[in-house]
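The values are calculated or read from the model by the stated rules, or taken from the named source; none is laboratory data. Everything numeric here is computed off the predicted structure, so don't read it as measured data. Quick reminder, even Gly has a Cβ in these numbers, built from the backbone with ideal geometry, and neighbours come from all protein chains shown.
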Amino acid sequence: MVFVMGKERSGTTLLQTFLDGHPNIVAPPESEFIVLLYPRFGHIKKWSEKNIHDFIVELYKEPWITKIWCIDREYLTSLLLSVRADADYSSICKVIYYCMCGNKENILLFSDKNPIYVLFIHTLLKIFPEAKFIPLIRDPRDNVNSHLKSFGATNTAFIAQKWLGYNTILQRGSLKDPQRYFTVLYETMVENTEANMKKLCEFLHVPFNEGMIHNSFPDRLKSFRNQKLLLERTREIHANLLKPVNTSNIGKWKTQMSPGNVKIVEAITGAFASKNFNYPMAIPERNSGIAVLKIKIVYAIWQFFTRMKYRSYRFNTFYTKVNIYFGRETRVFGKALRES
């Protein structure tokens, strides 16, 4: 298992399409079923037929599985029943990924990407001890600007603090266990895709394939049964995935972001971004102030709540309202916090 990690709007979906362009890697669209179902099913040592059927029921409540992945329910059920005698939660999950291989053969890796997984690296390592992580970092000003433009968000400070929080976790993990992490900068990924993908393949111990250096998403789209929904979703928030790889999104903050928002982002992320990733920031080395402290507290509460609710399947689903359109999940607490 390989996990593409990063703050939303950092290019993680594009990197996932690069991986999916490899003939021996299965990299489907994101779904959070791994951590969502882990509290209920992750500790089963011996899977019974009832466990399998219960798992299927809960799995098919996940909108991405039902609306985009569209795995045949009866086929998956029979497949899981056939392996249950020797299965653990890890292998159960991998069977689901295998169902997304299409015409690919000799599968070497499964890749998943979901921004929320940054908060659950410890859980992912419990499930997949062999897992590797690919942190994807993007200039925080471009990241926040993209978030504001694509999602209509207004709380610049919270988004910036989230960028800092996510990337701090990933940076600490990378320094602690460098053999497990391979950090990619968005800017270098789109400027020199081939060189970056070759290095990534070396890290993953898979042969490089030229299919990785092109945006394979438009072609990959044809393999999904619900093409219309996926295309609409892509046009809505990932329009660049329908174009060839380009550098047009680098530095957009310079012309699109207000000076006030730039100042907020730099005040929160500047020292970390400059020190660790060499992003030039026009700020002093240290930042202080009540406003920065307040947003740190808000983010800490959000992070704590998010981690806690995912530890209980019932608790998480209680706080989740699902918008059927493309399976977009509107989390009541998170949405209220972001908009406050």
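From the list 133, 128, the lone residue that is surrounded by 22 or more Cβ atoms within 10 Å (Cβ to Cβ), aromatic (Phe, Trp, Tyr) and more than 15 Å from residue 253 (Cα to Cα) is 133. Looking across region 103-125, just one residue is acidic (Asp, Glu) and either over 18 Å from residue 18 (Cα atoms) or assigned to a loop (DSSP other than H, G, I, E, B) (or both), and that is 105. Within region 154-180, the set of residues being in contact (Cβ under 8 Å) with a residue 60 or more places away in the chain and surrounded by fewer than 17 Cβ atoms within 10 Å (Cβ to Cβ) comprises 154, 168. Scanning region 145-166 for residues that are outside any loop (DSSP other than H, G, I, E, B) and out of contact with any Phe, Trp or Tyr (no Cβ under 7 Å at 6 or more places or on another chain) yields 146, 147, 148, 149, 150, 151, 156, 157, 159, 160, 163, 166. Within region 26-70, the set of residues being at pLDDT 90 or above, of a type in the set (A, V, I, L, M, F, W, C), assigned to a loop (DSSP other than H, G, I, E, B) and farther than 27 Å from residue 204 by Cα comprises 44, 47.
Taking the stated definitions as given, is residue 106 polar (S, T, N, Q) and more than 15 Å from the chain's Cα centre (by Cα)? Yes; evaluated as a whole, the condition is true for this residue. Of the residues 47, 69, the single one that is among the aromatic types (Phe, Trp, Tyr) and farther than 19 Å from residue 313 by Cβ is 69. Does at least one position in region 4-19 carry a residue that is in a strand (DSSP E or B), within 19 Å of residue 123 (Cβ to Cβ) and not hydroxyl-bearing (Ser, Thr, Tyr)? Checked against the condition, which is being in a strand (DSSP E or B), within 19 Å of residue 123 (Cβ to Cβ) and not hydroxyl-bearing (Ser, Thr, Tyr), region 4-19 yields at least one hit. Which ones in region 175-189 are closer than 16 Å to residue 4 by Cα, of a type in the set (A, V, I, L, M, F, W, C) and part of a helix (DSSP H, G or I)? Of everything in region 175-189, just one residue is closer than 16 Å to residue 4 by Cα, of a type in the set (A, V, I, L, M, F, W, C) and part of a helix (DSSP H, G or I), namely 189. Exactly one residue among 113, 126 is among the basic types (Lys, Arg), farther than 21 Å from residue 206 by Cβ and touching a residue at least 40 places away in the same chain (Cβ under 8 Å), and that residue is 126. So is residue 26 closer than 19 Å to residue 123 by Cβ, touching a residue at least 40 places away in the same chain (Cβ under 8 Å) and either buried (at least 21 other Cβ atoms within 10 Å of the Cβ) or in contact with a Ser or Thr (Cβ under 8 Å, 6 or more places away or on another chain) (or both) or not? Answer is no for this residue.
Of all residue pairs spaced 6 or more apart or on separate chains, those with beta-carbon atoms under 8 Å, a first member in region 1-21 that is within 12 Å of residue 134 (Cα to Cα) and a second member that is of a type in the set (Gly, Ala, Ser) and not in a loop (DSSP other than H, G, I, E, B) are 1/111; 2/111; 3/111; 4/111; 16/111; 19/111.
In this structure, residue 183 does not satisfy being crowded, with 17+ Cβ neighbours inside 10 Å, touching a Phe, Trp or Tyr at 6+ places or on another chain (Cβ under 9 Å), modelled with pLDDT under 95 and within 21 Å of residue 139 (Cβ to Cβ). For region 83-102, the condition of being outside any helix (DSSP H, G or I), without any contact (Cβ under 8 Å) to a residue 60 or more places away in the chain and not hydrophobic (A, V, I, L, M, F, W, C) holds for at least one residue. Would you check if residue 159 is modelled with pLDDT of 90 or more, β-branched (Val, Ile, Thr) and over 17 Å from residue 15 (Cα atoms)? It is true that residue 159 is modelled with pLDDT of 90 or more, β-branched (Val, Ile, Thr) and over 17 Å from residue 15 (Cα atoms).
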